[in-house]
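What follows is a set of notes on a single structure, which appears directly below.
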Amino acid sequence: MSDSSQKAAILYDASQAALSGAALDEVLNHILTIIRDHFQIRSGSVLVLDKTQQNLYLGAHFGPGRLHTGDRVALHRGLTGEAIRLKRPAHSAERAADMRRGEKRSEVAIPLLVREEVVGVLGLHSDQPGYFQTDTIDVLTLLATQAALALENARLRALEQRRAGQLEVINAIARQTTAVLDLDELLAVVCHQLLEWFRADHASVVLVEGELLRVRAHQGRLTPSFATGSALGPDDGLVARAMASGRSILENDLTNARGYIAGFAEALSEICVPLIFGGERLGVLVLDSAQKGAFDAADQQPLESVADICAAAIQNASNFHRVKELAYIDGLTGIHNRRFFEMRIGEELERASRFQGRVSIIMVDIDNFKRLNDEFGHLLGDEVLRSVSNIFKQQLRKMDMVCRYGGDEFAIVAPETAGGNAARVAEKLRRQIETNHFPGVPRQVTISCGVADYPTHGITRDEVVAAADSALYSAKQAGRNRVASATLRKEFSASR
Ligand code: GH3
Ligand code: MG
């Protein structure tokens, strides 16, 4: 190997291989084949540095040897370790011990360097003692440079593929989430997408609610130690820490994690990424895995981008929810309005018809309210409407629903209340109002009520409401400040 044109030819060959864009093992094998064909070498190997595991693995080899492709070896052993440490070729002739033993073979380890950094080692054995002379090592070092280039290219390609993959995830999640306006549905989509794209066994979304953090959704195969909707304290575990710091927390060994509170029986790794929108911390995305070391730092960045998209979608959905809520709220009294009543009464009647249940409607109207306005002014009239609403809310069960139907009229929907009961409820309300002192109103305020039931007085919404309305009319006719119940439906009365 002294002919310089031959040297140039093999270097050209090696550089072509390195730049070919072929798979890494193919390129490394090609370079080793060039070495085998042009040098007196019995066995050769390319060891690739694995920085995260702090060891080397066999990338390619030829000739006899104990190792197989992919096998791992320690960093600091023998000539290889020396080459890595010194960042220059190390060969056996330099080693006095080998010389003394009268070593028959010779060996060289050449570091593969990218800029100043070792990315692997080219290891070669020859049967000729003292084979690796300076000029031979020089040529081999140039070949090693090509192998290093191939390794660097492969690393960049993998990085590029990973980035492209990450962009795909981000785009997919953005597409899946932006149009979902129902918060619960959105959170289910978010969990599903996280499981689809990240190496996790369970995905959860924790959202801020006042002082609390609440698990609003979760999905996966791990066994939770909490119920959906349960609250975490402000100091509970990694989630709270991510929330408090506004930074992601990656814990790859939960058995030793500081302040970890087990959310899942099998979890060994967890990553918590805060959901931040417009500077406001909305909650935390949590991924759990039953594997130790499941997440790596490279997952964190794309997960944070995904969290940004989710935070925007969550904010959007809750704004929509708030606007929708507002559309069903009466501005003066803060209770639900007629639109809400009409929507909910339909749902209640449907439920009652499916389960043979009952629903009562109480229509309420303030007596002589026009006069009250005239006497004490419209503003005080407004105040009375608010007080009446509050009294109704306090007196009714949680499952009952009170709405301002319009003007001084209210509608109450009471599920599972049979006729007599609803009339008793109405009577209680009537008495409360009659005996209540309304500040600024130096006389009694009274109401009249009409009560009707599904299915006794009607089947459709309009029938039941009309029945309650005509009962209310009867109460007014009969002198006000009283409760009247609807009469039976015509077909029922006819059959009597
Ligand atoms: P009745 O006993 O027959 O119900 O007599 P009424 O005077 O209460 O008559 P009606 O229920 O028909 O009149 C409702 C009145 O409520 C008419 C209107 O002046 C008043 N009103 C409606 N909306 C408001 C409101 O938002 N604020 C105030 N202060 N008054 C309202
Ligand atoms: Mg009235």
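At-a-glance table
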| read-out | value |
| --- | --- |
| All positions within segment 383-424 that are within 15 Å of ligand 1 (Cβ to nearest atom) and part of a loop (DSSP other than H, G, I, E, B) | GLY407, ASP408 |
| Conditions (1) surrounded by fewer than 16 Cβ atoms within 10 Å (Cβ to Cβ); (2) in contact with a helix residue (DSSP H, G or I) (Cβ under 7 Å, 6 or more places away or on another chain); number of the one not met by GLY407 | (2) |
| Residue that is farthest from ILE34 (Cα to Cα) [pool: residues in segment 115-165 that are among the hydroxyl-bearing types (Ser, Thr, Tyr) and without any contact (Cβ under 8 Å) to a residue 60 or more places away in the chain] | THR134 |
| Residues of segment 425-436 that turn out to be more than 16 Å from ligand 1 (Cβ to nearest atom), among the charged types (D, E, K, R) and touching a strand residue (DSSP E or B) at 6+ places or on another chain (Cβ under 7 Å), as a count | 1 |
| Condition met for PHE277 (surrounded by 12 or more Cβ atoms within 10 Å (Cβ to Cβ), of a type outside the set (A, V, I, L, M) and touching a helix residue (DSSP H, G or I) at 6+ places or on another chain (Cβ under 7 Å)) | yes |
| Identity of the residue in segment 152-201, among the polar types (S, T, N, Q) and crowded, with 16+ Cβ neighbours inside 10 Å, that ends up farthest from ALA22 (Cα to Cα) | THR177 |
| Scan of segment 37-61 for residues that are surrounded by fewer than 16 Cβ atoms within 10 Å (Cβ to Cβ) and either more than 39 Å from the chain's Cα centre (by Cα) or of a type in the set (Phe, Trp, Tyr) (or both), ordered by number | ASP37, GLN40 |
| Residue match in segment 341-349 (condition: more than 19 Å from LYS398 (Cβ to Cβ) and surrounded by fewer than 20 Cβ atoms within 10 Å (Cβ to Cβ)) | yes |
| Per-region count, segment 214-259, residues hydroxyl-bearing (Ser, Thr, Tyr) and either buried (at least 19 other Cβ atoms within 10 Å of the Cβ) or under 20 Å from ASP308 (Cα atoms) (or both) | 2 |
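All of the numbers you see were taken from the coordinates with simple rules; none came from a lab. This is a predicted model, so every value here is computed, not measured. In this analysis, Cβ positions are derived from the backbone assuming ideal geometry, glycine residues included, and neighbour counts consider all displayed protein chains.
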